[in-house]
1. Note down all Cβ pairs under 6 Å where the first residue falls in segment 79-106 and is in contact (Cβ under 8 Å) with a residue 12 or more places away in the chain and more than 23 Å from S60 (Cβ to Cβ), the second is charged (D, E, K, R) and assigned to a helix (DSSP H, G or I), and they're at least six residues apart or on different chains.
2. Name the single residue that is nearest to T62 (Cα to Cα) among those in segment 18-34 being surrounded by 10 or more Cβ atoms within 10 Å (Cβ to Cβ) and modelled with pLDDT under 85.
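The values are calculated or read from the model by the stated rules, or taken from the named source; none is laboratory data. Small disclaimer: the values here were computed from a predicted structure and weren't measured. Reconstructed Cβ throughout: ideal geometry from the backbone, glycine too, with neighbour counts over all protein chains shown.
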Amino acid sequence: MPFVDWLVVLAIALLSVAACCRRHGPGRTLGERARRLRGTRLLVRATVALWGALLIVERSLTSPDDASFGLPVGPQAALGVASMLALAGCLWSIRGRRLLRQRRMFRNE
């Protein structure tokens, strides 16, 4: 897949994250707005990390000679970096979704 197609996929993913995070109700406090902004930033970071991991995996599987992006690393190292990026992206996604949820007013204990 050409690199331009990868950039289009990234743009679509970032626009979908932005569209999903735009919803907000009236009367939000400053703390609530900061929380939503931080959650949105974490989801954008997760999207870029997962996109990078997929790009590294695709490049290392289709053309192993060109997978290093000009650096002297092997395919195992590239896949290791891709797995660490994917793990970080999943963790950021979980944390971002948790921050975007509305806080409970009362706790049931």
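1. The qualifying pairs are L99/R35; L99/R38.
2. A18
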